[in-house]
Each structure stands twice: as C-alpha cells, then as structure tokens.
Amino acid sequence: MSDEVLVLDEATVREVASGVDALGAAREAFVALSRGAVEQPDVLSLDLRRQRGEVHAKGAFIHGAPFYTIKVASGFYGNPALGLPVAGGAVWVFDAATGALRAILLDRGHLTDVRTGAAGAVAADLLARPDSERAVVVGAGGQARHQMAALARVRELRHITVWARDPEAGRRCAEDVAAATGVETTTCADLRDAVHDADVVVTATPAREPLVRAGWIQPGTHVTAIGSDLPGKVELEPALLAGSRVFADRLAQCRTQGEIAAAIAAGAIAEGDVVAELGDVAAGAVTGRAASHEVTIADLTGVGALDAALAVAVVERALAAGAGMTLRA
C-alpha cells in the first residue's frame with residue numbers, strides 16, 4: 001500500500017473546493033447524523049481569552065466513507081491589526097480501513113468557513129419561508145460573507161442588510177456581499193431596525209452578550225445563529241427561543257454551548273422544547289416550519305460530520321485531478 005500523503009496548500013484547497021457541492025455535502029452529513037451513521041466525538045475547545053483567540057478540534061467518520069477526518073480551526077480576533085487573517089487551521093484525513101494518514105489540507109480555516117456557510121443555507125432552506133426575500137446578517141467578518149453567498153443560492157433574495165459594530169467593516173462587507181450575490185446590499189446602524197422587517201436573520205459574531213432581542217423579531221421570521229460555538233457565547237436573547245420553533249445541529253452539543261444552552265440556563269426553555277435536530281428535518285422524519293407565521297431558529301454550534309463530508313469530497317476531487325503535492329509518510 002502506498003505510504004504517500006497528499007498535501008494541499010490553501011490556494012489549492014480553495015480551487016478544488018470551488019468545484020464541490022458544499023450544500024449537498026452538508027445536507028447529506030445532517031441526514032447521516034439523523035440516521036446514526038456517524039462516529040463523532042465531543043468537541044475539544046480551547047478558549048484563549050487573553051490572546052482573543054479560540055481553537056476547536058473536531059473529528060468524524062461518516063459510515064461508508066473512505067476516510068475519517070480530524071480538523072483544527074482557530075479564530076484570533078486581534079489578527080487584523082497584525083495584518084493577519086482571523087481564521088486559521090488545517091484538516092488531517094486518514095484512511096478509514098487502515099488509519100494511515102492520507103492527506104493534509106492546509107486550508108487556514110477555509111473549509112470551516114465553507115461548510116458553516118453551507119450549513120446555514122441548509123438550515124434556511126429547511127426552515128425559512130419559501131417566499132423569503134429580505135435577509136439580515138449580524139456581523140461583518142468572513143463568515144457573514146459566506147452565509148449570504150450560500151443563502152442566496154436557496155432563496156431568491158431581493159435585499160440584504162449588514163449590521164456591524166464597526167461601520168467601515170460593515171460597508172466593506174456589504175460591498176463584497178453585493179458583488180458575490182448580485183443582490184442589493186446596504187448597511188444599517190440600528191440593529192433593531194435591521195431585523196424588524198427581515199425574513200431571514202443570520203447572526204455571525206463572537207458575542208458574549210445577546211445582540212438580537214425577542215421583541216424585535218416579527219412572526220414568520222427565520223433565525224440562524226452560528227456564532228455561539230463555545231460555552232459562554234450568546235447572540236440571541238434567551239426569551240427569543242421561548243415560543244419559537246427551535247432546532248439544533250446536534251442536540252448533545254447544544255446542551256453545553258450555543259443559544260439552546262444559554263436559553264436552558266436562563267430558564268427560558270427546557271431541553272424538551274427543542275423540536276429536533278436539523279438532520280431529522282433533512283431526512284424527512286420531522287416537519288420543519290409548520291406554519292408561515294412561526295418564528296424558527298436554527299442553533300448551529302458546528303459539527304464534525306460536516307467537516308468530514310466536505311474534506312472527503314475535496315480529497316477525492318483532488319486525487320482525481322492530480323492536484324496538490326505528495327510526501328512520503
């Protein structure tokens with residue numbers, strides 16, 4: 001058996017990944033989770049507050065796949081001042097039959113960004129009203145851009161609003177989103193005004209205090225929260241989850257982190273109030289949006305199965321194309 005290890009640098013990962021159906025991979029991963037066809041350990045997280053950094057390690061094996069993966073992704077929020085990107089990381093890909101290392105993807109967090117954007121789009125496709133036209137993204141980082149680009153693939157948007165604490169960052173994000181989606185995109189200084197008329201609200205920040213309040217969200221709105229991927233983070237007022245139709249990407253994980261964990265801790269909801277996991281909706285086992293007036297919420301804390309699905313697809317495509325370089329293990 002070959003002892004060669006495929007190595008893809010960031011540029012090659014980006015090129016190969018651009019030809020992969022990330023939304024399809026994310027949906028299939030959610031379904032596999034629903035059907036119990038995934039081996040996935042708990043997330044290993046490091047919270048480096050003094051360095052304004054956070055690190056996540058996630059592994060998964062989807063039954064029947066040729067590889068299993070272990071991913072390390074980081075976010076260091078002081079990096080822009082140093083001329084460095086916020087996101088970092090890499091993915092290690094192993095042979096599922098032998099455990100041999102088969103590929104290293106030096107993606108610097110790009111695949112995490114892509115799969116998170118895809119997960120947000122799948123959540124909106126499953127839960128948002130089909131006629132949703134107006135979207136708001138809370139935050140102006142790279143993930144805000146990925147979320148809107150992916151959302152525009154599943155809904156015919158007419159307008160996107162960007163809200164950010166830093167107006168200049170919001171302006172740049174709005175320009176990028178408009179260029180990527182072809183959708184009219186503006187900024188808004190008042191978050192309440194921004195979300196009041198939205199059909200879809202996506203929160204993509206590292207906030208540790210609620211940003212979006214319960215009284216601001218109108219009936220029929222769908223909310224996808226992706227920023228609360230460590231214990232102690234929260235973007236939504238817990239009261240917003242009370243009375244809403246709430247879904248988890250992985251309930252076991254959402255018990256300890258994310259909007260669901262925060263709402264349970266605040267006494268706003270009980271664990272039994274969570275309708276289901278998104279995979280159950282994707283698999284057709286549970287109804288997502290049951291009525292047009294409902295407020296639906298997807299709590300995305302980030303699951304390793306989605307990393308595995310996308311990384312395996314990238315490696316298979318790279319091998320078929322002869323992309324990357326090889327090293328002897």
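Coordinate-derived values only; no laboratory data. No experiment lies behind these values; they were computed from the predicted model shown. Heads up, the Cβs are rebuilt from the backbone with ideal geometry, glycines too, and the neighbour counts pull from every protein chain shown.
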Problem - region 128-302 - charge dipole about Cα centre, Lys and Arg +1 at Cβ, Asp and Glu -1, debye rounded to 20 - result: 120
Fill in the blank from the handout: So, over other residues within a Cβ distance under 14 Å of Gly324, counting Lys, Arg +1 and Asp, Glu -1, the net charge is -3
Problem - Dipole in debye (nearest 20) - region 193-260, about Cα centre, beta carbon charges: Lys, Arg +1; Asp, Glu -1 - result: 300
Problem - Per residue, the convex hull volume that the Cα atoms of region 281-325 enclose (Å³) - result: 128
Practice task
Over every pair of different alpha-carbon atoms in region 67-162, take the mean of 1/r and invert it; report that Kirkwood radius in Å.
Solution key: 15.3
Practice task
Between beta-carbons, use under 10 Å as the cut-off and find the net charge around Arg115, counting Lys and Arg +1, Asp and Glu -1.
Solution key: -1
Completion exercise
Net charge near Leu211 (other residues with Cβ under 9 Å of its Cβ; Lys, Arg +1; Asp, Glu -1) is -2
Problem - Cα-derived Rg to Rh of the chain, Kirkwood definition - result: 0.96
Practice task
For Glu277, enumerate residues with amide H under 5 Å from its amide H, sequence gap 5+ or separate chain, H modeled in the peptide plane.
Solution key: Ala248
Practice task
Can you tell me the dipole magnitude for the chain around its Cα centre, using point charges on the Cβ only (Lys, Arg +1; Asp, Glu -1), in Debye to the nearest 20?
Solution key: 300
